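Encoded as structure tokens, the structure appears first; notes follow it.
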């Protein structure tokens, strides 16, 4: 075959293959787009499956409990706010700042006792008890139970200390109930444990903050 024939044959072969080449190229690009779309949808589905979000309900309680030489005592904290609005049990607890208004606290023994509580907590200068979470460990799960260790700072009567809160949760259907306790010493916050009857009745230095927070599945 002479040179001209070879050029013509090469041109014929190239022109016959060219449409197939573009078709295959288009198909590969189209498949890439399809693969990307499937991957995006699949990833979104996995995220939806993993996310288990619960929304804060109105059912919550916060109490401070202690003991004395005469009897045990409890102070209720009816006005507390700042708990996380929502919780995903597959993710760390989101940052939050809890606040309790001192002058709403009730010792259950009349205005005289409440006045002593407000004075001890220096409610005029420091009207709120504040807990600010600074770090948190991942949520540990065991069946329907979860454990969260929340680390932060607690400010009472103008004194701030680092504390760790162990929060235990229980999943019951669409409800998540969180229970927590924090053991404190009044003297760590420059609060003198109250006494009465010229020192014959003394309050123990150690107190415990106990709370229960309820969440409902979104």
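Points to keep in mind about this one:
- Scanning segment 128-151 for residues that are outside any strand (DSSP E or B) and loosely packed, with under 14 Cβ neighbours inside 10 Å yields a count of 4.
- When segment 97-112 is limited to residues that are surrounded by fewer than 17 Cβ atoms within 10 Å (Cβ to Cβ) and assigned to a loop (DSSP other than H, G, I, E, B), the one that is modelled with the lowest pLDDT turns out to be 109.
- Residue check, residue 154 crowded, with 18+ Cβ neighbours inside 10 Å and either in a loop (DSSP other than H, G, I, E, B) or at pLDDT below 95 (or both): no
- Subset of segment 83-96 that is in a strand (DSSP E or B) and touching a residue at least 40 places away in the same chain (Cβ under 8 Å) - its residue that is surrounded by the fewest Cβ atoms within 10 Å (Cβ to Cβ): 86
- Which listed residue is modelled with pLDDT under 80, in contact with a helix residue (DSSP H, G or I) (Cβ under 8 Å, 6 or more places away or on another chain) and not assigned by TED's automatic domain parsing to the domain that holds residue 131, from 31, 1: 1
- The residues in segment 155-169 that are farther than 16 Å from residue 93 by Cβ and touching a strand residue (DSSP E or B) at 6+ places or on another chain (Cβ under 7 Å) can be counted, and the count is 5.
The values are calculated or read from the model by the stated rules, or taken from the named source; none is laboratory data. From a predicted model like this one, the values you see are computed outputs, not experimental measurements. Here the Cβ is made from the backbone with ideal geometry for all residues, glycine too, and neighbour counts use every protein chain on show.
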